[in-house]
Amino acid sequence: MAGRAEPFEVFFKRMYEPLLAFAMFWCGDYHDADDAVDTVMAAMCERWGEIRNPAAYARRAVPRTIIKIRRDRGDHRFVTVPPDRLPELGDLVPDVDRITGDQWVEELLGTLPPMQYAVDAAREAARSRLEGSELDRRYQRAMRRAAGDTRRPGGAGRPLEELAGIWEAATVDLAGDAEQLLCLLLPVTRLSEFRPAPPIEPQRLAAILLDHYVASGDGDTVDSYAVSAALSLATLEFVSTSGVQRPDLRERASARLTAALTGLVHGFRVTEFDADSPAGRALLATVNQQMRPERQVIAELRETLGGSGPEADLFECGWAPDLAATVAALDAIEDLLSERTRLLGLLDEEQQRLSQALQLYAERTRTYWTVVATFGTGRWPLEDVPWRSSGGESGYLTLLVASIAMKGLAYGPGLVRVGRVLTELARAGDYGPLLLQRTAELAGLVDDAYERDRLLATVDELWNRLPAEASWRETARVVRALVALASVLGWPPPRGTLLAARAADLLNEAEQLYDRELAMGSGPLRQDQLQVLGATLSRARAVLRDRPGAATALAADALRRLDALAAEREAGRTTK
């Protein structure tokens with residue numbers, strides 16, 4: 001393996017940038033280009049000893065991979081320039097198999113003078129993405145992807161330890177702040193494996209919570225209602241699961257929850273506006289990525305979203321006064337509607353009625369923003385960073401819209417695209433704990449090993465950029481992110497397609513050879529050996545779906561032992 005890895009590393013670092021520039025020029029989208037080059041490089045790493053001309057293989061594989069990526073998500077855009085103006089590689093460079101690296105890219109793209117601006121842009125974009133140690137990081141990522149290894153170094157990879165540190169800081173001065181109390185309750189109610197240090201006796205924590213409810217008011221904004229709802233639910237869960245007999249605390253928390261839910265119900269708004277209003281112009285400029293006639297876009301939006309009022313062209317829904325309040329409300333409602341809340345029976349009859357109304361509002365809001373964020377074919381409005389509104393444009397608005405859309409998308413390719421937007425935001429600016437929280441949560445939603453690894457690597461980067469000091473409000477988001485990470489890292493490893501295919505091939509070959517050995521017949525000793533091999537292969541088949549790496553190791557061991565049996569049999573024939 002060592003002899004093969006060094007030449008691949010040299011190839012990778014020489015060709016990655018020119019391949020990325022070519023892919024960006026060919027498809028016009030950085031995310032698709034980056035994904036295609038990563039996929040091709042990982043595949044080449046796995047088959048390095050079998051590829052005779054790596055440069056030619058990569059140049060052919062990248063466009064095919066881009067097409068597959070887009071076809072899988074229902075996007076049929078293949079190139080950004082007219083097909084009749086995009087020559088074949090062989091026509092452009094006669095010695096295409098001889099030329100490698102930057103020389104190939106310069107000769108290839110230099111033959112397209114009418115599009116020189118696109119060439120320069122693609123080169124510069126690729127170069128800017130690979131500054132510093134980024135190329136080394138991508139090489140290590142390709143190696144891990146080829147090997148099916150999704151482990152990450154340090155950083156937020158130890159969520160329980162980090163939560164213990166936050167817990168210790170929160171217990172130093174318990175002032176009764178709602179977000180501070182959430183930092184204590186969320187880990188102990190969501191993670192059974194969390195062991196706080198120093199521990200707080202349940203009775204003492206119950207007394208601190210009761211003091212908070214006695215001393216604090218209900219609040220009068222959507223943000224305050226959302227925090228109050230989250231803390232009240234966590235309190236009720238704590239009382240239900242800790243064995244603390246405090247009916248007074250349960251009564252106070254339940255009353256506060258009812259008030260918070262009532263406030264959230266009253267805070268929901270549907271705002272209608274015309275297409276020529278500032279809000280209408282901003283919305284159409286955002287969603288009309290293909291520059292279609294406005295009336296056609298409006299009609300499609302109204303049909304998809306169920307229309308607005310009889311006079312207004314368009315509408316927007318959510319919680320007042322802005323998108324940030326809408327995101328806060330949706331987070332609280334997600335806790336309210338969770339299976340955990342239902343199984344513990346935390347809600348009384350009135351709260352169940354309020355939760356049903358909030359569920360309808362949340363579904364309508366999530367549907368609206370998901371449709372708007374992913375409207376049209378091809379490039380999504382969400383991917384056109386920054387997001388534009390009548391009040392301006394910013395990457396933070398993109399993050400807020402992504403926070404809603406990621407919960408409204410139920411299929412893998414869509415979640416992957418949201419993940420790339422979050423990764424782009426992480427590279428472009430500092431969006432604090434909210435981006436950390438959303439990236440960690442999204443890592444738990446995607447089902448692709450490589451994409452999850454990419455998101456977890458972004459989480460590590462964001463973690464290392466967190467400020468040393470933060471408000472309890474910001475710390476509560478960090479705690480939510482760490483709780484999500486602890487859950488993700490505790491799940492079975494996601495299935496990597498490359499490794500799964502390799503495991504299946506090895507297992508099929510081993511089972512075929514095993515059947516051949518059984519058919520050959522043998523003495524008692526060989527029968528015992530074959531019985532052990534049969535158990536090994538059965539175990540490999542059982543874990544193939546969820547643990548392809550383990551299946552690969554078991555199949556490889558079985559193949560080695562089957563080869564030894566075959567060699568013994570052939571040696572016996574030669575002796576005779």
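Where does each of Y450, Y396 land when they are ordered by accessible area, with a 1.4 Å probe and the largest first? Before the final figure, lay out each step's value.
Details: Y450 15, Y396 95 Å².
Final ranking, largest accessible area leading: Y396, Y450.
Which number do you get for Rg(Cα) / (2.2 N^0.38 Å) in segment 407-461? It would help to have the intermediate numbers written out before the result.
Numbers: Rg = 10.2 Å, N = 55, 2.2 N^0.38 = 10.1 Å.
Rounded to two decimals, the normalised Rg is 1.01.
Give me the distance in nm between label points sitting 7 Å out from Cα along the Cα-to-Cβ direction at D248 and T221, one decimal.
3.2 nm
I want the local charge near R473. Using Cβ-Cβ distances under 11 Å, sum +1 for each Lys or Arg and -1 for each Asp or Glu among the other residues.
Numbers: positive: R477; negative: D177, E179, D223, E474.
Residues close to R473 contribute a combined charge of -3.
Loop-only GluC sites (Glu not before Pro) in segment 373-481, please: DSSP not H, G, I, E or B, and at most 13 other Cβ atoms within 10 Å. If you can, show how the numbers build up before the last one.
On the way: sites: E383, E393, E424, E441, E451, E461, E469, E474; in loops: E383, E469.
Counting only loop positions with at most 13 other Cβ atoms within 10 Å, the GluC sites (Glu not before Pro) in segment 373-481 are E469.
Net charge near F194, counting Lys/Arg +1 and Asp/Glu -1 over other residues with Cβ under 12 Å of its Cβ? Before the final figure, lay out each step's value.
Values: positive: R190, R195; negative: E161, E162, E193.
Net charge around F194: -1.
Lys and Arg at +1, Asp and Glu at -1: add these up for the other residues within a Cβ distance under 13 Å of L530 and post the number. List each step's numbers first, then the result.
Values: positive: R516, R526, R561, R569; negative: E511, D515, E517, D528, E568.
Value of the local net charge: -1.
How high is the relative contact order of segment 172-262, in percent, counting Cα pairs under 8 Å that sit 6 or more residues apart? Spell out each step's value before the answer.
Details: 78 pairs, mean separation 32.1, N = 91.
About 35 percent, as a whole number.
Segment 389-431: D in µm²/s via Stokes-Einstein (Kirkwood Rh, Cα pairs, 37 °C, 0.692 mPa s)?
299 µm²/s
Please work out how much accessible surface R64 shows to a 1.4 Å probe, ignoring ligands, DNA and RNA, in Å² rounded to 10.
Accessible surface of R64 is approximately 140 Å².
Quick check: pseudo-label points 7 Å beyond the Cα along Cα→Cβ at V532 and E349, how many nm apart are they?
Using points 7 Å along Cα→Cβ, the separation is 6.8 nm.
The values are calculated or read from the model by the stated rules, or taken from the named source; none is laboratory data. What you are looking at is a predicted structure, and each value in this text was computed from that prediction instead of being measured. Glycine also receives a Cβ, built like all others from the backbone with ideal geometry; neighbour counts cover every protein chain displayed. To get the accessible areas, we keep the full protein, side chains included, count just its heavy atoms, and leave off ligands, DNA and RNA. Shrake-Rupley method; radii C 1.70, N 1.55, O 1.52, S 1.80 Å.
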